[in-house]
1. Quick one: Gly221 ticks every box in (1) away from ligand 1 (no atom under 16 Å from the Cβ); (2) open to solvent by 40 Å² or more (accessible area, probe 1.4 Å); (3) closer than 25 Å to Asp14 by Cα; (4) in a loop (DSSP other than H, G, I, E, B) except a single one, so which number is it?
2. Look at Arg204 and say whether it is at pLDDT 95 or above, out of contact with any helix residue (DSSP H, G or I) (no Cβ under 6 Å at 6 or more places or on another chain) and within 16 Å of ligand 2 (Cβ to nearest atom).
3. In the stretch 93-108, how many residues are more than 16 Å from the chain's Cα centre (by Cα) and more than 15 Å from ligand 1 (Cβ to nearest atom)?
4. Test each condition in (1) open to solvent by 20 Å² or more (accessible area, probe 1.4 Å); (2) over 16 Å from the mean Cα position of the chain (by Cα); (3) more than 16 Å from ligand 2 (Cβ to nearest atom) for Phe174 and report the one that comes out false.
5. Can you tell which of Asp129, Asp116, Asp155, Asp183 is surrounded by fewer than 22 Cβ atoms within 10 Å (Cβ to Cβ), under 22 Å from Asp14 (Cβ atoms) and at pLDDT 95 or above?
6. Is there any pair with a first residue in the stretch 189-213 that is of a type in the set (Gly, Ala, Ser) and a second that is open to solvent by less than 40 Å² (accessible area, probe 1.4 Å) and within 15 Å of ligand 2 (Cβ to nearest atom) whose Cβ atoms are under 6 Å apart and which are 6 or more apart or on different chains, and what are they?
7. If you go through the stretch 61-91 one residue at a time, how many are part of a helix (DSSP H, G or I) and open to solvent by 50 Å² or more (accessible area, probe 1.4 Å)?
Amino acid sequence: MIKQNLHTHSTFDDGQNTMEEMVRAAISAGLTSLGFSIHTPMPYPACWTIPPDRMADYIAEARRLKTAYQERITVYCGAEWDLYSAQRALGFDYVIGSIHHIPANDMLYGVDSTPDETRQYLRVFGSADAAAEAYFRQYVALSKIEEVDIVGHIDLLTKFDEQGNFFQPDSARFREAAHSAVDVLIAAGKIFEINTGAISRGYRTTPYPSAMLLREIVRRGGMITISADAHRAQDVNFQFAESESLARACGVTELWQFNGKGFEPIPIGG
Ligand SMILES: [Zn+2]
Ligand SMILES: [Zn+2]
């Protein structure tokens, strides 16, 4: 089974456990490497990102843990960079590029905030398909960010669909918008994650992306990795076995892993 998780939060951003607790949990879970992915600061104060003046402490703590636990696990210092972050994510081991927002009427709506906020921006767009098109169109900009290695939760906007049935991911317009985004991201060499974070936090019963979209990403030649988007110690490899089975069922034959310098494909069992 996959023994690496590169999508990890902590008390430096919106996680519930310290970085050290996450490392210890990862060791207990049998992982051989753990990468932290700090939410980088937004242009405005946000409770889910690291405060800008703590970034040096985050990097120092990752470095300390890397040395302290080097006999038992490899620790990486990454970032989950949001498209609307205040600054580029330079100087990290790797970068997950995520789009947590959708712009409408001179406002940035959070697509993973609440079902209510989802209702609000859908009202502004007039239809779910129009909102989906606007959301996925943003991946063109993300694809151009050189330091982004992995695309975070590509269909995050569907987060609340099990509660509210907001989007129609099988509609022609939704699919066309999603597939166009996938194509530009593949052309730019980005890796796609199967992300179990919304399951461990009780919002969904299936990971991002949907199986339908994952199959399409694979069919189009996309590289795949699996990540927990862990916000608690007990979730460092949440549903990795299930995700591997899902990946296999969707045609994935290898998973891309970070080796400290770059990404390499590791075959998954047939
Ligand atoms: Zn995210
Ligand atoms: Zn995350």
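1. For Gly221, the failing item is (3).
2. Values: at pLDDT 95 or above: yes; out of contact with any helix residue (DSSP H, G or I) (no Cβ under 6 Å at 6 or more places or on another chain): no; within 16 Å of ligand 2 (Cβ to nearest atom): yes.
Here the answer is no, as Arg204 does not meet what is asked.
3. Adding up the residues that qualify gives 5.
4. Condition not satisfied by Phe174: (1).
5. Criteria check complete, one pass: Asp116.
6. Pairs that qualify, where the first residue is of a type in the set (Gly, Ala, Ser) and the partner is open to solvent by less than 40 Å² (accessible area, probe 1.4 Å) and within 15 Å of ligand 2 (Cβ to nearest atom), are Gly197/Asp229; Ala198/Lys159; Ala198/Arg204; Ser200/Asp235.
7. Number of matching residues: 5.
The values are calculated or read from the model by the stated rules, or taken from the named source; none is laboratory data. Worth saying up front: this structure is predicted, and the values here are computed from it rather than measured. Counting neighbours? That spans all protein chains shown, and the Cβs are built from the backbone with ideal geometry, glycine included. Note: areas computed on protein heavy atoms with side chains; ligands, DNA, RNA excluded. Shrake-Rupley method; radii C 1.70, N 1.55, O 1.52, S 1.80 Å.
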